[in-house]
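Notes follow once the structure below has been shown.
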Amino acid sequence: MTWEVVAGLIALVSAGIGAGKIVYELSRTLTKLNCSVENLNSTLTALTTENREEHDELYGGVAELQEVLQTQDIRLAKLEERVKK
């Protein structure tokens, strides 16, 4: 073997190691990103569920208050009619 062949083999091995390192780092980064996206998705799902529950509670409370207000409005109208007579 000549020195040129040895230098070529060393260059190929070095390039392979360099490419392997890049692929390894990229794979590791993509794995972390995938885990982060999955965690974000589960967090958003939980927040959406909690928001729906809170909105249902609020809308239920608003409906109850509207009924009470309507009842009071009717009562007030009846009292005003009595005062006019």
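The values are calculated or read from the model by the stated rules, or taken from the named source; none is laboratory data. None of these values were measured; they are calculated from a predicted model. All Cβ positions, glycine included, derive from the backbone under ideal geometry; neighbour counts span all protein chains shown. These area figures cover heavy atoms from the full protein model, side chains too; ligands, DNA and RNA do not enter into them. Shrake-Rupley method; radii C 1.70, N 1.55, O 1.52, S 1.80 Å.
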> Nearest 10 degrees, 0 to 90: what angle lies between the long axis of helix 3-84 and the longest principal axis of the chain (Cα atoms)?
Replying inline: 0
> Given a 1.4 Å probe and the protein chains all in place, what does the accessible area of VAL37 round to, in Å² to the nearest 10?
Replying inline: 80
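Need the full-extension length gain, GLN70 to TYR24, defined as separation in residues times 0.36 nm minus the C-alpha distance. One decimal, nm. Walk me through the numbers before you get to the answer.
Numbers: separation 46, 0.36 × 46 = 16.56 nm, distance 6.84 nm.
Here the segment from GLN70 to TYR24 would lengthen by 9.7 nm.
Using a/c under 1.5 as the rounded threshold, could you call the chain rounded, prolate or oblate? The axes a ≥ b ≥ c are square roots of the C-alpha gyration tensor eigenvalues, and prolate needs a/b larger than b/c, oblate otherwise.
Working: a/c = 20.99, a/b = 9.29, b/c = 2.26.
Since a/c reaches 1.5 and a/b is larger than b/c, the shape of the chain is classed as prolate.
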> How much accessible area does ASP56 have with a 1.4 Å probe, in Å² rounded to the nearest 10?
Replying inline: 110
> Quick one: if you stick a label point 7 Å off each Cα along the C-beta vector at GLU4 and SER42, how many nm between them?
Replying inline: 6.0
> Within the accessible area of the chain, what % is carbon and sulfur when the probe is 1.4 Å and the other protein chains stay in place?
Replying inline: 63
